[in-house]
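All remarks here apply to the structure that follows.
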Amino acid sequence: MKRNFTQFVRSTTLTYLILLMAHFSNGQTIQVLSYNVMSPGWENHAKGVIEVISAISPDVMGLQESTGNIQEEIAAGLGSDFELISHPNMDRNENAIIFRSDRLKLIDNGVEEVPLAGNFTRATYVTWALFEEQSENIQFFFYVSHFPFIGDPDLVDNLAVHYNNANTLVQTIKEHLHTFSLPYITVGDYNATPNSTTLDFLLNQKDIVTSTATYSNPVKLLNSWELVFPGVEQPGTVGSGSSVFDYILVSPDLGVTNTYVDNSKGGGAEPPSDHFGVVATIVLGEGTDTGGDDDVEDPDIITSVNEALVNSGEPAIGLYPNPNTGSFSVKIGRSGEKITKLEIGNLKGKVVYQKLSFSNIEDIINEEINLPELAKGVYYLKVVFEVQLKTICFVVN
């Protein structure tokens, strides 16, 4: 009985999230995919990869391990709405950008070759494009990279080229920002875990210092996963899901309303590639327009979600109304766990409200939040319990 009830909670919550995503799809959001499609044995899993991508239905995707013929086969398999960006050395450049030509217009594109080192002779690239979203005429840059594998400590030259890839990526973004003050999205298989030197360089702008060079990152990048689920560990993206190598990173002026790791099987017995796709719904432009006739206002859905959450038998949170104008009610079901913090922030990571003191007597805690000064947009509500945390997103309009 409890399992069926939990399934109801998840199903109802998913229904609301789908409505919320549709609410943002009026020309301001794009669906982005990063996917290493695994070139070895391509003929055996090509159909599955194309089916996975078709089901996700991204507006723009960055693919890795997809040399020329693979890129063309994927683009053809997705149909006439999708366009593959042609570029020099397609037979050697395994990065591909494919986009929906009915939603995005290609303004410019290019390829930056990464410096090699020692015995590492395989050419690697940063592939980029400048797009314009056609309904709102918002322009943005899109980058895709595949950094060399560095799991073996003897691969010294791989490590040098790996760092060269990270540096070439951020220097290319910097060069574009000198000419265009536009948002940017970068995706790829970085062959680096969240706590690695590489991600510290990309996300925290911490210098990489080696015996031969010092690399500095001049641009700010945010992890789309952290924006939606702050403090929650990202699911694995490789093989059995044990490691995170694949990412979608964004500039601070972009919002992210949803993100997930796609481990679907594309009609087969197992996922078709040895990597899972990373998907993010990204809000273009500053702020979030939540006006118009498409506002999500369904009290029955919201109420049922809240009631299900506070009675689900585990620590959980609910929020109503959603969307709201900055004033809303929060219900917290403790299920015996103490609450240590309640926090509200925007998708750029700025904390706008925090509470650290709770009675921790009642099983269900009710909080009335009144923040009329909040700008329109998407925010997260995070509740930290003794041994876990819960996060949900909500909309201010």
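The values are calculated or read from the model by the stated rules, or taken from the named source; none is laboratory data. Worth saying up front: this structure is predicted, and the values here are computed from it rather than measured. Positions of Cβ are generated from backbone atoms using ideal geometry, with glycine treated the same way; all protein chains shown enter the neighbour counts.
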Inset, instruction - Mind telling me which of the residues Glu65, Glu51, Glu133 ends up being closer than 30 Å to Ala213 by Cα and surrounded by 13 or more Cβ atoms within 10 Å (Cβ to Cβ)? - result: Glu65
Inset, instruction - Assess whether Thr210 counts as being more than 21 Å from the chain's Cα centre (by Cα), assigned by TED's automatic domain parsing to the domain that holds Phe99 and β-branched (Val, Ile, Thr). - result: yes
Legend entry - Residues satisfying the stated conditions in the stretch 116-150, i.e. over 24 Å from the mean Cα position of the chain (by Cα) and more than 23 Å from Met90 (Cα to Cα): Gly118
Inset, instruction - Kindly indicate whether any position in the stretch 28-41 is at pLDDT 70 or above, loosely packed, with under 14 Cβ neighbours inside 10 Å and either more than 20 Å from the chain's Cα centre (by Cα) or not assigned by TED's automatic domain parsing to the domain that holds Ala269 (or both). - result: yes
Legend entry - Evaluation of Phe276 against (1) touching a helix residue (DSSP H, G or I) at 6+ places or on another chain (Cβ under 8 Å); (2) surrounded by 21 or more Cβ atoms within 10 Å (Cβ to Cβ); (3) not charged (D, E, K, R) (one fails), failing number: (1)
Legend entry - When residues of the stretch 255-279 are limited to those that are β-branched (Val, Ile, Thr) and modelled with pLDDT of 90 or more, the one farthest from Phe140 (Cα to Cα): Val261
Legend entry - In the stretch 75-93, residue modelled with the lowest pLDDT [restricted to those that are closer than 16 Å to Ala129 by Cβ and of a type in the set (A, V, I, L, M)]: Met90
Inset, instruction - Could you list, in sequence order, all residues of the stretch 30-49 that are farther than 15 Å from Val238 by Cβ and out of contact with any Gly (no Cβ under 9 Å at 6 or more places or on another chain)? - result: Ile30, Gln31, Ser39, Gly41, Trp42, Glu43, Asn44
Inset, instruction - Give me a count of the residues in the stretch 42-59 that are closer than 20 Å to Glu83 by Cβ and of a type outside the set (Val, Ile, Thr). - result: 7
Legend entry - Top-ranked residue of the stretch 385-395 - restricted to ones that are in contact (Cβ under 8 Å) with a residue 60 or more places away in the chain and aliphatic (A, V, I, L, M), ranked as surrounded by the fewest Cβ atoms within 10 Å (Cβ to Cβ): Leu389
Legend entry - Residue list for the stretch 39-53, filter: in contact with a helix residue (DSSP H, G or I) (Cβ under 7 Å, 6 or more places away or on another chain) and within 13 Å of Val279 (Cβ to Cβ): Ile53
Legend entry - Qualifying positions in the stretch 38-64 - assigned to a loop (DSSP other than H, G, I, E, B) and under 24 Å from Leu130 (Cβ atoms): Ser57, Pro58, Asp59
Inset, instruction - Would you check if Tyr247 is touching a Phe, Trp or Tyr at 6+ places or on another chain (Cβ under 8 Å) and either among the basic types (Lys, Arg) or not in a loop (DSSP other than H, G, I, E, B) (or both)? - result: yes
Inset, instruction - Enumerate the pairs (first residue in the stretch 256-280 and more than 20 Å from Glu65 (Cβ to Cβ); second residue anywhere and in a loop (DSSP other than H, G, I, E, B)) with beta-carbon separation below 7 Å, excluding pairs fewer than 6 apart on the same chain, so at least 6 apart or on different chains. - result: Val256/Leu347; Thr257/Phe24
Legend entry - In the stretch 237-272, the residues that are buried (at least 16 other Cβ atoms within 10 Å of the Cβ) and among the acidic types (Asp, Glu): Asp246, Asp253, Asp262
